[in-house]
Structures are given as C-alpha cells and as structure tokens.
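Q: Submitted below is the structure of interest, expressed as structure tokens.
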Amino acid sequence: MEVKFADTFAESLERMINRNKWYWKTWSFFRDDLPRFFKNIWRFRKALWNHYWWDHHGTLMFLEIGLTHMSDNLEKNGLEVNESRLKKVAKMRRAVEIIKNYNQSNYIEMAEAELGEVIHHPWEFEETGETTDNPLGKNGEKLYRMVDNATAAERKHNRKVFDRAREIEELEWKELFTILEGQDYRKYNSLFRKARKAGMRDDRDLWNEWFDGSGMKGWWD
C-alpha cells in the first residue's frame, strides 16, 4: 500500500513540532496565556472576592460564571451542529439557574409563588414577669418574650411553604448533579442495537431524539 501526503500535511506537522519549542511557547505565553489570565481575573472577580476555604458558595460561583461564559460562546461561536449544541447550551444555563437559586436562597420565594406568601405579623413583646440575675451585669432588669400572634391556620400554611421550599432545594440540587453527570450511554447503545436490527441505517435522528445536552464531559467545542 502506498501512502501519499499533500504539502499542507507536512506544513501542519511542522507547525505542531514548532509549537513544542521554547521560542514558540514563550511567544504564546505573552500573546495568549498572559492576556487570558488577566481577563479571567476580571471575569471571576466576584467569585474570587467571595471564596473562602470554609464555605462552598464561592466555589459554586466559579462554576456559575464559567458555565455562563461557556454557554454564551458556545451558542454564538460553537462549531457543533445546532441539534446537539443548543441542547448543551440549554443544560448549561439550567445549571447556572440552579446555582443562582441556591446561592441566593430563592426557594422561599419559589414556594410562595406556588402556595401563597408566608404570613407575617408585626413583632410584639410582652413581659415575662421575671428579671435578670446576671453576675456580670445589672441585676433586676425585666425580661420580655416575643408574642406569636399567628393563628393555627396561619402556622399550618407557613409550615407548608417552608417544607415546599426545602423540597424544591433538594430537587434542584439533585438535578444539578444529574445535569453535570450526563446520560447513561449504555441506554443509547441498547436503543442503537435494536434500531439496527430493525433496519435503521442512519442513527442521527435516533441520537438527536435521545440526547438531552447534559454531561459536563461533553461540553467543549
């Protein structure tokens, strides 16, 4: 068997070899890497400002900002076909929405939209009839307690709203990691084998119908 190469292949191979040499890496560092580094500092400034080793919200903010940047560029500049590319964009944006809901604690408002607003009463205090006995401060000061003016029906309603808020939070947290994990491709392989036995030749429609855009490992262009 005779193997032939065009001149363009040799030129491409030479470029690949040159890019591993020190002078190319130095040029690429100043031309590409360093400007991108400063752009990323500005892009992730909010996440950098809010990152603490003892709290996970700042870490999630890095993912939110990164996926927002990625989805915007994938939608406008991505080379992949629309059928799969736009599904990926939609899943990225859904992941961003969930992270925002979590970091901003939007679940009470979401539950109120379904069940009605939490019922609040103005704060009211009454004397307990007791006084302080504080060895470090002034003794004999009156003690007060907050009065709960909510009716039984109002307390029941509020509990439903709080329980629903917690339920939404748990459901969205699971959804976030389902999106990042992606689909089980073994299920598609099973569908593919069945379709081939039934005489299918082109699996593009089958793939487009099955694929939902999830799976962070596949989010690249």
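The values are calculated or read from the model by the stated rules, or taken from the named source; none is laboratory data. All of these numbers come straight from a predicted model, not from anything done at the bench. Here Cβ is always computed from backbone atoms with ideal geometry, including for glycine, and neighbour counts include all displayed protein chains.
Q: When the residues of the range 103-116 are narrowed to those that are without any contact (Cβ under 8 Å) to a residue 12 or more places away in the chain and more than 19 Å from the chain's Cα centre (by Cα), which ends up surrounded by the most Cβ atoms within 10 Å (Cβ to Cβ)?
A: GLU109
Q: Starting from the range 25-53, take each residue that is at pLDDT 95 or above and list its partners that are among the charged types (D, E, K, R), counting only C-beta distances under 8 angstrom and pairs at least six apart or across chains.
A: Listed pairs, sorted by first residue: ALA47/GLU64.
Q: Filter the range 147-168 for residues that are touching a residue at least 12 places away in the same chain (Cβ under 8 Å) and either in contact with an Asp or Glu (Cβ under 7 Å, 6 or more places away or on another chain) or small (Gly, Ala, Ser) (or both) and give the result.
A: Once the filter is applied, which keeps residues that are touching a residue at least 12 places away in the same chain (Cβ under 8 Å) and either in contact with an Asp or Glu (Cβ under 7 Å, 6 or more places away or on another chain) or small (Gly, Ala, Ser) (or both), the range 147-168 yields VAL147, ASN149, ALA150, VAL161, ARG164, ALA165.
Q: For the range 185-221, which positions are farther than 30 Å from LYS76 by Cβ and exposed (fewer than 10 other Cβ atoms within 10 Å of the Cβ)?
A: As a first pass, look at the range 185-221 and keep what is farther than 30 Å from LYS76 by Cβ: 186-187, 189-201.
ARG186, LYS197, ALA198, GLY199, ARG201 - these are the residues of the range 185-221 that are farther than 30 Å from LYS76 by Cβ and exposed (fewer than 10 other Cβ atoms within 10 Å of the Cβ).
Q: Of the residues that make up the range 73-84, is at least one assigned to a helix (DSSP H, G or I), touching a residue at least 12 places away in the same chain (Cβ under 8 Å), within 14 Å of the chain's Cα centre (by Cα) and surrounded by fewer than 18 Cβ atoms within 10 Å (Cβ to Cβ)?
A: no
Q: Another question, then. Restrict the check to the range 126-136 and report whether at least one residue is surrounded by 12 or more Cβ atoms within 10 Å (Cβ to Cβ) and either of a type outside the set (A, V, I, L, M) or under 25 Å from LYS46 (Cβ atoms) (or both).
A: From the range 126-136, those surrounded by 12 or more Cβ atoms within 10 Å (Cβ to Cβ) are 131; that's our starting set.
If we keep only those that are either of a type outside the set (A, V, I, L, M) or under 25 Å from LYS46 (Cβ atoms) (or both) too, we end up with 131.
Scanning the range 126-136, I find at least one residue that is surrounded by 12 or more Cβ atoms within 10 Å (Cβ to Cβ) and either of a type outside the set (A, V, I, L, M) or under 25 Å from LYS46 (Cβ atoms) (or both), so the answer is yes.
Q: Given the conditions (1) over 30 Å from ALA111 (Cα atoms); (2) charged (D, E, K, R); (3) in contact with a Leu (Cβ under 9 Å, 6 or more places away or on another chain), which single one is not true for GLU141?
A: The number of the failed condition is (3).
Q: Also: Could you list all residues from the range 162-221 that are modelled with pLDDT of 95 or more and among the polar types (S, T, N, Q)?
A: Correct list: THR178, GLN183, SER214.
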